[in-house]
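A short write-up of the structure that comes next.
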Amino acid sequence: MDLIETFYNDILAALGLDKMDALGRLAFYRLMILLLSALLMWFAFWFFKRILKPVVSRIVEHTQVSWDDHLFNEKVLNTTCHLIPPIVLFLMVPVIFYPFPDIRMPEQDEAFRHFCYAMTKIYMVAVVIRWCFVVLSSIRLITDEMLDHRNSYVLGVIQLFKIIIGFVGFIIIVSILINRSPVALFAGLGAAATILMLVFKDSILGLVAGVQLSSNDMLRKGDWITVPQSGADGYVEEISLSTVKVRNFDNTITTIPPYSLISQSFQNWRGMQTSDGRRVRRSLLIDTTTIHRCSEQECREIAATGLIDVAACPENERVNLILFCRAMECFLRSENELVNTDMKLMVRQMPVTAQGLPVEFYFFLRDKEWVTYEHNMSTLIARIMTLVPRFGLKLYQAPSGRDLLVLNAAREAESQHVSDVPSGR
């Protein structure tokens, strides 16, 4: 430090200002060092931003790996450049407040020096926190790319680290302001652990739920899920520490706490999306009064459809309903462009109801996309319905108001006809 005093005195002598009083010399010294500090801060920032940053960017562009493109992206490098000025300022503060032995410092000078030290430290802590946040966001981009946007746990962990870094940075800033050790403040927080647990309850529960969802592979970004309790039915857009965002098919957004997905049940359609087919399970109600044993003429008419070889069926199975079910299985297997015949396929009878006998069609369609799936399913069921009368069967349909009006008109016409017939006297 003696070199500083000697160098400064030489400057004053060269400028002809060595005759100034003590306070004037001190003010001129600090003004000169402040200008020099500002110049050094600007030069260091310019050097890193204009010289080193382009060099690093070119090196990153020519590497074979892709993770460094995110870790050293534009935002990270710019934030790193902003770390340099506070470091230079922190190193220059002792020089700015150099204690000249021949100058009696004012009483307020020591307090002002401590204040400048504290503001510089707070500035450094704030910039470091921002740099950590930017780096963590870049790490998230790397994990999203490496894990094909499917890991639901990484975002929650990164958000937890951001909360911890922000909390630690806040404690350090408070310790700087009150001029106490941050270790003492952290030790004192043990008594407030219960309050902290209540404040960060959702974050802690979200982290635990995120670990369980990820370790059991229960949920991924892009999954189609259905949560009846929350009214959610759509694709998962984001899985964070405290919420799971689901875009419903009506384009509304439903937010669900992650821990509610652990404590309650939900349906994930990923298994269907990754399988070889999507299930169709539809029933037709058959009028039981139309079920009968087929005559020879009816057997020939059914055989003429080409759907089933009636002659190969045993005599006791020549019932129109049995022939219909077997023919529909053959019909569905013949539609192998739409129906995945390698998966479960059957036509079965369900328990009789008051509305008739339900015949269920159970099969899997190859195309799982929603609109195409609905169109193909509707086409097949409509074609099956047109084949029902060819087996001497009828579909049940409850009478409507129009049917009752027609029946009432027929009865009135019949009663009128009877009243018009002359009595047989």
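Which numbered condition trips up residue 15, out of (1) of a type outside the set (Asp, Glu); (2) open to solvent by 80 Å² or more (accessible area, probe 1.4 Å); (3) at pLDDT 70 or above; (4) farther than 24 Å from residue 139 by Cβ?
Condition (3) is where residue 15 drops out.
From the list 130, 58, which residue is within 30 Å of residue 240 (Cα to Cα), of a type in the set (Lys, Arg) and either modelled with pLDDT of 85 or more or open to solvent by 50 Å² or more (accessible area, probe 1.4 Å) (or both)? Even if it seems obvious, please write down each step before you answer.
On the way: 58 fails: within 30 Å of residue 240 (Cα to Cα).
Just one listed residue meets the conditions, 130.
Over 16 Å from residue 290 (Cβ atoms), open to solvent by 50 Å² or more (accessible area, probe 1.4 Å) and in contact (Cβ under 8 Å) with a residue 40 or more places away in the chain: which single residue out of 394, 368 fits that description?
Result: 368 is the single residue among 394, 368 that is over 16 Å from residue 290 (Cβ atoms), open to solvent by 50 Å² or more (accessible area, probe 1.4 Å) and in contact (Cβ under 8 Å) with a residue 40 or more places away in the chain.
Residues of region 170-221 being more than 30 Å from residue 256 (Cβ to Cβ), at pLDDT 75 or above and part of a helix (DSSP H, G or I), which ones?
171, 172, 173, 174, 175, 176, 177, 178, 182, 183
Here are some residues: 121, 53. Which one is modelled with pLDDT of 80 or more and open to solvent by 80 Å² or more (accessible area, probe 1.4 Å)?
121
For region 253-271, which residues satisfy the criterion of being open to solvent by 60 Å² or more (accessible area, probe 1.4 Å) and either polar (S, T, N, Q) or over 17 Å from residue 211 (Cα atoms) (or both)?
Across region 253-271, the qualifying residues are 253, 255, 263, 264, 265, 267, 269.
Among 146, 105, which is the only one that is modelled with pLDDT under 75 and open to solvent by less than 60 Å² (accessible area, probe 1.4 Å)?
Working: 146 fails: open to solvent by less than 60 Å² (accessible area, probe 1.4 Å).
After applying the criteria, what remains is 105.
If a residue must be open to solvent by less than 70 Å² (accessible area, probe 1.4 Å) and among the acidic types (Asp, Glu), how many such residues does region 272-313 contain? Before you say what the answer is, go through the steps one by one.
Step one: list which residues in region 272-313 are open to solvent by less than 70 Å² (accessible area, probe 1.4 Å), which gives 272-273, 275, 277-278, 280, 283-288, 290-292, 294-295, 298-299, 302-303, 305-308, 310, 313.
Still in the running and among the acidic types (Asp, Glu): 287, 298.
Number of matching residues: 2.
Looking at region 325-350 only, could you name the residues that are under 16 Å from residue 286 (Cβ atoms) and part of a loop (DSSP other than H, G, I, E, B)?
Within region 325-350, just 350 meets the criteria.
Determine, yes or no, whether residue 141 is in a helix (DSSP H, G or I), open to solvent by 50 Å² or more (accessible area, probe 1.4 Å) and modelled with pLDDT under 85. Explain how you work it out, then say what you get.
On the way: in a helix (DSSP H, G or I): yes; open to solvent by 50 Å² or more (accessible area, probe 1.4 Å): yes; modelled with pLDDT under 85: yes.
Considered against the rule, which asks whether it is in a helix (DSSP H, G or I), open to solvent by 50 Å² or more (accessible area, probe 1.4 Å) and modelled with pLDDT under 85, residue 141 comes out as yes.
Among the residues of region 323-355, write down those that are open to solvent by 50 Å² or more (accessible area, probe 1.4 Å), of a type in the set (A, V, I, L, M) and either free of Cβ contacts under 8 Å to residues at least 24 places away in the same chain or touching a strand residue (DSSP E or B) at 6+ places or on another chain (Cβ under 6 Å) (or both). Before the answer, list the steps.
Here is the first cut: in region 323-355, the residues open to solvent by 50 Å² or more (accessible area, probe 1.4 Å) are 326, 329-330, 333-334, 336-337, 342-344, 346, 348-355.
With of a type in the set (A, V, I, L, M) added as a condition, the list becomes 343, 346, 350, 352, 354.
343, 346, 350, 354 - these are the residues of region 323-355 that are open to solvent by 50 Å² or more (accessible area, probe 1.4 Å), of a type in the set (A, V, I, L, M) and either free of Cβ contacts under 8 Å to residues at least 24 places away in the same chain or touching a strand residue (DSSP E or B) at 6+ places or on another chain (Cβ under 6 Å) (or both).
The values are calculated or read from the model by the stated rules, or taken from the named source; none is laboratory data. These numbers come from a predicted model, not from an experiment. Because the Cβ atoms are built from the backbone with ideal geometry, glycine has one as well, and the counts that use them run over all protein chains shown. Keep in mind that these areas ignore ligands, DNA and RNA; they rest on the heavy atoms of the full protein, side chains included. Shrake-Rupley method; radii C 1.70, N 1.55, O 1.52, S 1.80 Å.
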